[in-house]
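Starting off with a structure, shown below.
Coordinate-derived values only; no laboratory data. The structure displayed is predicted, hence computed values, not measured ones. Using ideal geometry, Cβ is built from the backbone for each residue, glycine included, and neighbour counts are taken over all protein chains shown.
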2 protein chains.
Amino acid sequence: MASPTPPANAFTQHDHAHCADTTLHKAEAVAAEKGVRLTPVRKRALEILLEEHRAMGAYEVLDRLAADGFGNQPPVAYRALEFLVDNGLAHRVRRLNAFAACMRPGEEHAPVFLICRECGEVAEAGADEVRQALLGAADRLGFHVERATVEALGLCPKCYQEAAQ
Amino acid sequence: MASPTPPANAFTQHDHAHCADTTLHKAEAVAAEKGVRLTPVRKRALEILLEEHRAMGAYEVLDRLAADGFGNQPPVAYRALEFLVDNGLAHRVRRLNAFAACMRPGEEHAPVFLICRECGEVAEAGADEVRQALLGAADRLGFHVERATVEALGLCPKCYQEAAQ
DNA sequence: CACGGATATGTTACCTTATCACATTTCTGC
DNA sequence: GCAGAAATGTGATAAGGTAACATATCCGTG
């Protein structure tokens, strides 16, 4: 049903259940190694992001958490999501005011998001050259980059083809 | 007091009044060429962004517009700002939920923002390599980019030096 | 084990950012 | 001058996000 684990994302078909499971385990390993606590709420928040396999708003995550017996106030979701982002287990997609599970926790990478404006699909692309180019440009101005946001809005392969017809 | 008009931005000193004036004229030319109307509110909104020469929240711009006799409801600011962004006369800085005048209206470019987390300064850097790298990465996945957001958070030269001491 | 500080969670209240809907005005081409 | 389109004014409200403080849990140390 799916490729073994290619770029682990993109607009390719794959077994969500499988990649979610794998990623969750990687995340647990990362947390253990960093000595941070992947507590129940945090873990559940990550699971939710992984299950849905899409960018979700904080309030949407909150609803799911509340349904699972956790608190139902905004800070519950925001704190869990902030933890995940700070520890590289999830990313914030600013253009969508949303959050998405990181597909390669632990691996150093610049998250690059490709957002389809038609179907809403969000893909996390690996793009080290983008990171390098950004660091280079910043360096030329003497700017010291700590975090970067790179997001592209456009059409995914499928929607692009459909639009061309 | 300032360099003639270097990269027109960055963390270098320059004559704001001069570059604001120049940029406003360029913006008017761009609007004329595109056949879109740089109406009073829109022009004033752009002037405000240029005068302040920094990223401003929509409500902040709204206050200034209202003080100048325009409407005082959110849509007034959002519509003017949306127009400016759509026509390449301003950019949206998502990390700050803010807007900044474009320093090179008319010139095709990927806006890259360098945001100092210490002093809040925002610089618009020219970085075609970043744009190219992003387009390349997207292309490999068959994604068709229409708009890109590239923002880096970190320390500007000045704050970096101060922090190092 | 117990106790004390650090960490995490629950909850209330509130602020900021952004959009919808609809009436009114202004512009533009004919 | 008039009809349709574009732009603006305004009220209401949705959506996103944070501050502050009380309570509970974890964890190292004596």
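One decimal, nm, shortest first: give the distances between the label point of A:Thr22 and those of the same position in the other copies, each label point 7 Å from Cα along Cα→Cβ.
5.3
Rounded to two decimal places and with Rh computed the Kirkwood way over Cα pairs, what is Rg over Rh for the protein assembly as shown?
Using Cα coordinates only, the ratio equals 0.99.
What does the charge count around B:Leu134 come to, taking other residues whose C-beta lies under 10 Å from its C-beta (Lys +1, Arg +1, Asp -1, Glu -1)?
Result for the neighbourhood of B:Leu134: -3.
What is the average number of partner chain Cβ atoms found within 10 Å of a Cβ in B:95-105?
1
Using a ≥ b ≥ c from the Cα gyration tensor of the stretch B:16-164 (square roots of the eigenvalues), is it rounded, prolate or oblate, where a/c under 1.5 gives rounded and otherwise the larger of a/b and b/c decides, a/b for prolate?
Oblate is the answer for the stretch B:16-164, as a/c is 1.5 or above yet b/c matches or exceeds a/b.
So how far, in whole Å, is the C-alpha centre of the stretch B:118-158 from the one of the stretch A:114-134?
Spelled out, the Cα-based centre of one part sits 11 Å from the other.
Could you size up the charge dipole of the protein assembly as shown around its Cα centre, putting +1 on the beta carbon of Lys and Arg and -1 on that of Asp and Glu, and report it in debye to the nearest 20?
Dipole of the protein assembly as shown, to the nearest 20 debye: 400 debye.
Taking the Cα centre of chain B as the origin, how large is its charge dipole in debye, to the nearest 20, when only Lys and Arg (+1) and Asp and Glu (-1) carry charge on their Cβ atoms?
360 debye
Would you kindly work out, in nm and rounded to one decimal, the distances from the label point of B:Lys158 to those of the same position in each other copy, ordered shortest first, with label points 7 Å along Cα-to-Cβ?
Relative to the other copies, B:Lys158 has label-point distances of 5.0 nm.
Provide an ascending nm list, one decimal, of label-point separations from A:Glu108 to the equivalent residue in each further copy; define each label point as 7 Å from Cα along Cα→Cβ.
Computed spacing set for this position: 3.5 nm.
Further question on the same structure: Using a 10 Å cut-off on Cβ to Cβ distances, tally the other chain neighbours for every residue of B:121-127 and report the average as a whole number.
3
Another question about this same structure. Could you sort A:38-47, A:98-107, A:62-71 so that the peptide with the highest average Cβ count within 10 Å comes first and the rest follow in order?
Taking the mean over residues of other Cβ atoms within 10 Å, the ranking is A:98-107, A:38-47, A:62-71.
Shape call for the stretch A:81-165 from the C-alpha gyration tensor, a ≥ b ≥ c root eigenvalues: rounded (a/c under 1.5), prolate (a/b greater than b/c) or oblate?
Cα axes put the stretch A:81-165 in the oblate bin.
Let me ask something else. Would you work out which of B:Val112, B:Ala101, B:Leu155 lies farthest towards the positive end of the dipole of the stretch B:80-165, given +1 charges on the beta-carbon of Lys and Arg and -1 on that of Asp and Glu, about the Cα centre?
Going by the charge dipole, the pick is B:Leu155.
Can I ask one more? Calculate the mean, over all residues of peptide A:152-159, of how many other protein chain Cβ atoms lie within 10 angstrom of the residue's Cβ.
Counting other chains' Cβ atoms within 10 Å and averaging over A:152-159 gives 5.
Let me ask another. Tell me which aspartates and glutamates have Cα within less than 18 Å of B:Lys26's Cα, excluding those fewer than 8 residues away on the same chain?
B:Asp15, B:Glu47, B:Glu51, B:Glu52, B:Asp86, B:Glu107, B:Glu108, B:Glu124
Right, something else. Lys and Arg at +1, Asp and Glu at -1: add these up for the other residues within a Cβ distance under 14 Å of A:Pro105 and post the number.
-3
What does the C-alpha gyration tensor say about the overall shape of the stretch A:14-104? Classify as rounded when a/c is under 1.5, otherwise prolate if a/b is larger than b/c, or oblate.
In terms of gyration-tensor shape, rounded.
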